[in-house]
Amino acid sequence: MSARRQPPSLPALRMNPMNSIYLPSRRAIALAVSTALLAAGLAGCGEATSAAPQAAASAASAAAPADPLVVQPSPTLAQRVKDAKVSEAPVSEPLEVVGRIDFNEQTLARIGAAVTGRITELYALPGQNVRAGEALAQLHSAELAAAQLALLKANAQREQAAKAVERARTLLASDVIGSAELQRRENELAVAEVEQRAAADTLRVMGVSPKAHAGGVINSTSSIVSTLNGVLVERRVNRGQVVQPAEGLFTVADLSTVWVVAQVPESEVGRVRAGQKVRVSVPSNGVEPIEGQLVWVADTVNPETRTVTVRTELPNPKRQLKPAMLATMAIEPLPVPRLVVPTSAVVREENADHVYVRQGTSNAYRLTRVQLGDEAGGVRVVKDGLRGGETIAAEGGFHLNNERKRAEME
């Protein structure tokens, strides 16, 4: 029997001697099974590959968390929220500058000797209350004695010249002398009177009344007296010291009012005018802030510090404000347009200021951090975080913040 020729695609068969049927060999069976499994595996991989992007996208979508800063209020909560636009408004933002307490120059006297001399007595101590005309010290002056002697000589010469004119007039009436002699003696009298007035004025400058020497007595002692009622705040002389008229020996001040002087930066001087309200705080002695107003703004700029001096005057009935004390002057400057938000819209979170900004046309709000200035008139100036035109929760931000925290906890 001749062997049958098989197609090339079929595995070779062998004859079974028992039943004369051709069966595939073990190798052929294994090859067929491997081919079927490989085809099934490739088909399964194709389906898995096409489904992988959709599964990954679904997983990523499920894993992406919502923005924790965004709040979607319920209808009940939305009724408690009131919106407002962020816009500019004229604001008188307080301007704080460092100043100092100073003497009121209108009630301050620096007193010195009117004549050169040596101090012989001191009558007042620093801190003592003195009155106008009260003696502070006494000195001995040879210059004063010389001025008094000059006045006495001028008085004598004037009297002698006056008597000479009277005699000349009598002699002229008797036709003993001519009119020229009378005119000469009258000129001498006029000169004597001028010298007398000059000597008297010299004594007045020295603080001595010319009438005190009408009897011809010369006194070389002079008193240094206070020129106003106040407190002796400084004494710069000792007994036995020789002093000159140009020296300041005593300082007397009336401390019932004081000045507060401060320096305003050149960049801020355009917002300052005389008459504006100020609040002065003195931290050193716990005095409550005192209200006042600017009485003077300097017309020049200090070229070294680039500042302008301003001044206010304050009452000081209890003497709590002491000259040279440091003070803080808060000036209420002229209003300027600034970007502001209502104070009620500010939410304090993590030691920073925030506001809730509405997201587009939706009913959602997002917690936004901002940098704000101090409160002025119920609003706060925006320094950073907003550009203007945004819609924010002007009221109800506290409730929105509580809702956001509750959602985070859940």
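The values are calculated or read from the model by the stated rules, or taken from the named source; none is laboratory data. Quick caveat, the model's predicted, so the values are computed rather than measured. Every residue, glycine among them, receives a Cβ derived from its backbone with ideal geometry; neighbour counts consider all protein chains shown.
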Scan of segment 311-324 for residues that are under 14 Å from residue 104 (Cα atoms) and either free of Cβ contacts under 8 Å to residues at least 40 places away in the same chain or part of a strand (DSSP E or B) (or both), ordered by number: 311, 312, 313, 314, 315
Tell me the residue from 222, 209, 226 that is among the hydroxyl-bearing types (Ser, Thr, Tyr) and without any contact (Cβ under 8 Å) to a residue 12 or more places away in the chain, please. 209
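Quick check on residue 309: is it exposed (fewer than 15 other Cβ atoms within 10 Å of the Cβ), hydroxyl-bearing (Ser, Thr, Tyr) and touching a strand residue (DSSP E or B) at 6+ places or on another chain (Cβ under 8 Å)?
Details: exposed (fewer than 15 other Cβ atoms within 10 Å of the Cβ): no; hydroxyl-bearing (Ser, Thr, Tyr): yes; touching a strand residue (DSSP E or B) at 6+ places or on another chain (Cβ under 8 Å): yes.
In short, no.
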Considering only residues that are touching a Lys or Arg at 6+ places or on another chain (Cβ under 8 Å) and within 27 Å of residue 110 (Cα to Cα), which ones fall in segment 263-310? 294, 295, 296, 297
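Output the residue which, of all residues in segment 347-392 that are of a type in the set (S, T, N, Q), over 22 Å from the mean Cα position of the chain (by Cα) and part of a strand (DSSP E or B), is farthest from residue 91 (Cα to Cα).
Looking at residues that are of a type in the set (S, T, N, Q), over 22 Å from the mean Cα position of the chain (by Cα) and part of a strand (DSSP E or B), I get 368.
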Please determine whether any residue of segment 253-263 is more than 30 Å from residue 130 (Cα to Cα), out of contact with any Phe, Trp or Tyr (no Cβ under 7 Å at 6 or more places or on another chain), surrounded by fewer than 17 Cβ atoms within 10 Å (Cβ to Cβ) and in contact (Cβ under 8 Å) with a residue 24 or more places away in the chain. no
From (1) in a strand (DSSP E or B); (2) modelled with pLDDT under 95; (3) under 16 Å from the mean Cα position of the chain (by Cα), pick out the condition that doesn't hold for residue 334. (1)
Of the conditions (1) within 30 Å of residue 399 (Cα to Cα); (2) in a strand (DSSP E or B), residue 296 fails just one. Which one is it? (1)
For segment 337-346, does any single residue satisfy the condition of being surrounded by fewer than 18 Cβ atoms within 10 Å (Cβ to Cβ), in a loop (DSSP other than H, G, I, E, B), more than 26 Å from the chain's Cα centre (by Cα) and not assigned by TED's automatic domain parsing to the domain that holds residue 278? no
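Pull up segment 360-401, narrow it to residues that are of a type in the set (S, T, N, Q) and modelled with pLDDT of 90 or more, then point me to the one that is farthest from residue 336 (Cα to Cα). Lay out the reasoning, then the answer.
Restricting attention to segment 360-401, the residues satisfying the condition of being of a type in the set (S, T, N, Q) are 361-363, 368, 371, 391, 401.
In the following step, the residues that additionally are modelled with pLDDT of 90 or more were identified as 368, 371, 391.
Values: 368: 26, 371: 19, 391: 23 Å.
Out of the qualifying residues, it is 368.
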In segment 261-281, which residue that is within 13 Å of the chain's Cα centre (by Cα) and hydrophobic (A, V, I, L, M, F, W, C) is nearest to residue 334 (Cα to Cα)? 272
Counted residues in segment 161-183 being closer than 21 Å to residue 197 by Cα and surrounded by 13 or more Cβ atoms within 10 Å (Cβ to Cβ) come to 4
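Which one is modelled with the highest pLDDT, of the residues in segment 208-252 that are small (Gly, Ala, Ser), part of a loop (DSSP other than H, G, I, E, B) and surrounded by 15 or more Cβ atoms within 10 Å (Cβ to Cβ)?
Pass one, segment 208-252, residues small (Gly, Ala, Ser): 209, 212, 214-216, 220, 222-223, 226, 230, 240, 246, 248.
Still in the list and also part of a loop (DSSP other than H, G, I, E, B): 209, 214-216, 220, 226, 240, 246, 248.
Next cut, surrounded by 15 or more Cβ atoms within 10 Å (Cβ to Cβ) only: 220, 226.
On the way: 220: 84, 226: 94.
By that ranking, first place goes to 226.
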